């Protein structure tokens, strides 16, 4: 693994330092983080609390967190036990990472983009203009890329795995078959997605995903950009009619990470077990967690709701990718300004995406 790239940004550390200090004050009200009991054979048990924002019924909890935690308990002969706290019961989604640092929780699952600016290198994995065939490709690119880059910005926790939504698509009330159809079209989007759609000529409207259904139903917006799973999970197939496939516009990166002090306190054999189990679950579960949801949602949208799927021609895709290239250029320039090899980072991700698109088509 390459040595960490560059120095962390002072502003980021200052801002995070203040937040961590405030969060640390509340640790006294949270009992049991990193609590130690005994196994049946009288060995110490490290009990770890895991914070995340997904509901208890979401596949991130039922298909990944619960079996992963049980596998870690089994692999450590009961010496490491993880208890999940879903639905933001320990930390709000945008405070999960700093909550792990401060000890509000011992382990956390959330999105890097919820604290945009705190992870500048990792924003490369969410840039538009890079094509991902599916979430398996996008997840593999991100995890392999992070291992090679080993950025300073994630050295304050023990990163156990990352995974992604994979590509997001446009689902709209009117057909979008080319750039002309996109001009001035009001679309729900936030953050980098909003910037991307604006460059393409659309009119982004910021709102939470929970507000999108009603806004689509009332015609406040004419569409949305995101993973296909929301068509079923958030029932947005009921209020849209067309699905334009855009595998180069969207990707969201999730993390599972652990408090560094808790990690360092584990016995080396238990550290090895946790890493081994995490790699196994990354490969077998996390990599394509969103693919499974997307496949189910696509079938629901087309077969039950009659949505029309639109595939852009290669010529049309090239036009869109050309228009979003300045966002990539801006990323490179910002990295260079921060003392990071921006073009090298971007090229690494593009090369990995090309490699894994071929492998996981």
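The values are calculated or read from the model by the stated rules, or taken from the named source; none is laboratory data. The structure displayed is predicted, hence computed values, not measured ones. Positions of Cβ are backbone-derived with ideal geometry, glycine not excepted, and every protein chain shown enters the neighbour counts.
Numbers below:
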quantity: Which numbered condition residue 100 misses (of (1) under 15 Å from the mean Cα position of the chain (by Cα); (2) within 17 Å of residue 260 (Cβ to Cβ); (3) in contact (Cβ under 8 Å) with a residue 60 or more places away in the chain; (4) not in a loop (DSSP other than H, G, I, E, B)); calculated: (1)
quantity: Sole residue being closer than 30 Å to residue 67 by Cβ and either at pLDDT 95 or above or in a helix (DSSP H, G or I) (or both), chosen from 329, 318, 303; calculated: 303
quantity: Tally of residues being surrounded by fewer than 21 Cβ atoms within 10 Å (Cβ to Cβ) and either touching a strand residue (DSSP E or B) at 6+ places or on another chain (Cβ under 9 Å) or under 30 Å from residue 241 (Cα atoms) (or both) across the stretch 268-281; calculated: 5
quantity: Any hit, the stretch 110-127, residues being touching a strand residue (DSSP E or B) at 6+ places or on another chain (Cβ under 8 Å) and part of a loop (DSSP other than H, G, I, E, B); calculated: no
quantity: Search result, residues across the stretch 336-361 that are outside any helix (DSSP H, G or I) and surrounded by fewer than 13 Cβ atoms within 10 Å (Cβ to Cβ); calculated: 339, 361
quantity: Test for residue 129: is it on the phi > 0 side of the Ramachandran plot and at pLDDT 95 or above; calculated: yes
quantity: Criterion violated by residue 284 - all others in (1) touching a strand residue (DSSP E or B) at 6+ places or on another chain (Cβ under 7 Å); (2) in a helix (DSSP H, G or I) satisfied; calculated: (1)
quantity: Any chance residue 84 is over 22 Å from residue 37 (Cα atoms), within 21 Å of the chain's Cα centre (by Cα) and assigned by TED's automatic domain parsing to the domain that holds residue 284; calculated: no
quantity: Of residues in the stretch 325-335 being crowded, with 19+ Cβ neighbours inside 10 Å and either in the same structural domain as residue 141 (by TED's automatic domain parsing) or touching a residue at least 24 places away in the same chain (Cβ under 8 Å) (or both), the one nearest to residue 250 (Cα to Cα); calculated: 328
quantity: Qualifying positions in the stretch 74-88 - in contact with a strand residue (DSSP E or B) (Cβ under 7 Å, 6 or more places away or on another chain) and either in a strand (DSSP E or B) or surrounded by 18 or more Cβ atoms within 10 Å (Cβ to Cβ) (or both); calculated: 79, 80, 81, 82, 83, 84, 85, 86
quantity: Residue tally, condition surrounded by fewer than 22 Cβ atoms within 10 Å (Cβ to Cβ) and part of a loop (DSSP other than H, G, I, E, B), over the stretch 152-199; calculated: 11
quantity: Residue match in the stretch 275-287 (condition: assigned by TED's automatic domain parsing to the domain that holds residue 158, under 30 Å from residue 44 (Cα atoms) and over 23 Å from the mean Cα position of the chain (by Cα)); calculated: no
